[in-house]
Structure formats: C-alpha cells, structure tokens
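Visitor: Can you read through this structure? Questions will come right after.
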Amino acid sequence: MKAFYIPAGLLAVILGFSLWTGQYVEQRTAHWTALLEEIEDLARQEDWEQAEKQLETAYADWDSSQTLFHTIMDHDELDEAESLFAGAFAVCREEDGADFHMLLAQLMGQLRLLSETQSLSVKNVL
C-alpha cells in the first residue's frame, strides 16, 4: 500500500501545479489585455507619447513573466507575442493609428490564445 502513496502524491503535486499555472497565466494575460486596451484608448486620443510609455510598462511587465512562461508554454506562441509587441512599438513611434490598432488587436488575440492553451478545458485535456 505504501508504494501507492508516492505516485499518488506526485500526481497530486503535478495536478496542483498545472491548475496553478493555468490560473496564473489567465490572470497575467487578463492584466496585459486590460493594459493594452488602455493603450488603445490613448492612441485613439492621439496621445502617442503616453501610449508609448504605457506600452513600455506593459512590455516590462510581460517580460518579467517570461522565465516561467518559457518553462510551461510553447516557445512559438511566446515568440509570436514578442513579435507583435515589437511591431506595436514600431508603429506607435510612427503614430500610425490604423496599423497600431490592428497590431494591438492581434496581440490581445495572441494573449487570449496563450491563456486558452493553459486553461483547464476538455479540448486541452483530450
């Protein structure tokens, strides 16, 4: 019977960690999405300087989570988000509203995808 406790304990730890990471990723992506929505509002008001500062803040916050994210997620999906951040910075500096809104929408979509891939759902389990 003792031989059962160690594997069962390990499975419980793995399940707990998986549930925690899913929740953590969901919280972080929701936070970044909210920041990007605020940045989008600044761009609509054509306050490009403040939009760039807020984008830098959002990126710094994003970057602070990358060590954990790279251990639990597919790197291609994270690289896509990095590329979208870089594109958003470039377009923000050019003050091109249409492209900026498009890139922010794509970035928010990518963040939702990251959250979705880590959530506890039937399609992720199966």
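The values are calculated or read from the model by the stated rules, or taken from the named source; none is laboratory data. The shown structure was predicted, so the numbers you read here are calculated from the model rather than taken from an experiment. Note: ideal-geometry Cβ built from the backbone for every residue, glycine included; neighbour counts use all protein chains shown. The accessibility values were calculated without ligands, DNA or RNA, using every heavy atom of the protein model including side chains. Shrake-Rupley method; radii C 1.70, N 1.55, O 1.52, S 1.80 Å.
Visitor: Between Thr57, Thr21, Thr71, find the one with the highest GNM mean-square fluctuation for the chain; connect C-alpha pairs within less than 10 Å.
Guide: Thr71
Visitor: For helix 2-44, what angle does its Cα long axis make with the longest principal axis of the chain, in degrees from 0 to 90 and rounded to 10?
Guide: 10 degrees
Visitor: Also, quick follow-up: Please name which of Ala86, Gly97, His75 has its Cα lying farthest along the dipole of segment 33-126 towards the positive end, using unit charges on Cβ (Lys, Arg +1; Asp, Glu -1) and the Cα centre as origin.
Guide: Projecting each Cα onto the dipole axis, the largest value belongs to His75.
Visitor: Then there's this: Quick check: at a probe of 1.4 Å, how many percent of the accessible area of the chain sits on carbon and sulfur atoms?
Guide: Taking all protein chains in place, the chain shows 57 percent carbon and sulfur surface.
Visitor: Now a separate question. Magnitude of the Cβ-charge dipole of the chain, K/R +1 and D/E -1, about the Cα centre, nearest 20 debye?
Guide: The calculation lands at about 1140 debye.
Visitor: Relative to the longest principal Cα axis of the chain, at what angle does helix 75-94 sit, 0 to 90 degrees, rounded to 10?
Guide: Relative to the chain, helix 75-94 is tipped by roughly 20 degrees.
Visitor: Moving on to the next point. Please compute the per residue accessible area over the chain with all protein chains in place, 1.4 Å probe, rounded to a whole number of Å².
Guide: Accessible area per residue: 61 Å².
Visitor: Helix-only mean residue ellipticity at 222 nm, the chain, DSSP H runs n ≥ 4 weighted -39,500 (n - 2.57), per residue, nearest 500. What is it?
Guide: -30500 deg cm²/dmol
Visitor: Leaving ligands and nucleic acids out of the surface, order Met108, Met102 by accessible area at 1.4 Å, largest first.
Guide: Putting Met108, Met102 in descending order of accessible area: Met102, Met108.
Visitor: Between rounded, prolate and oblate, where does segment 18-112 land on the alpha carbon gyration tensor, with a ≥ b ≥ c its root eigenvalues, rounded for a/c under 1.5, else prolate if a/b exceeds b/c?
Guide: Cα axes put segment 18-112 in the prolate bin.
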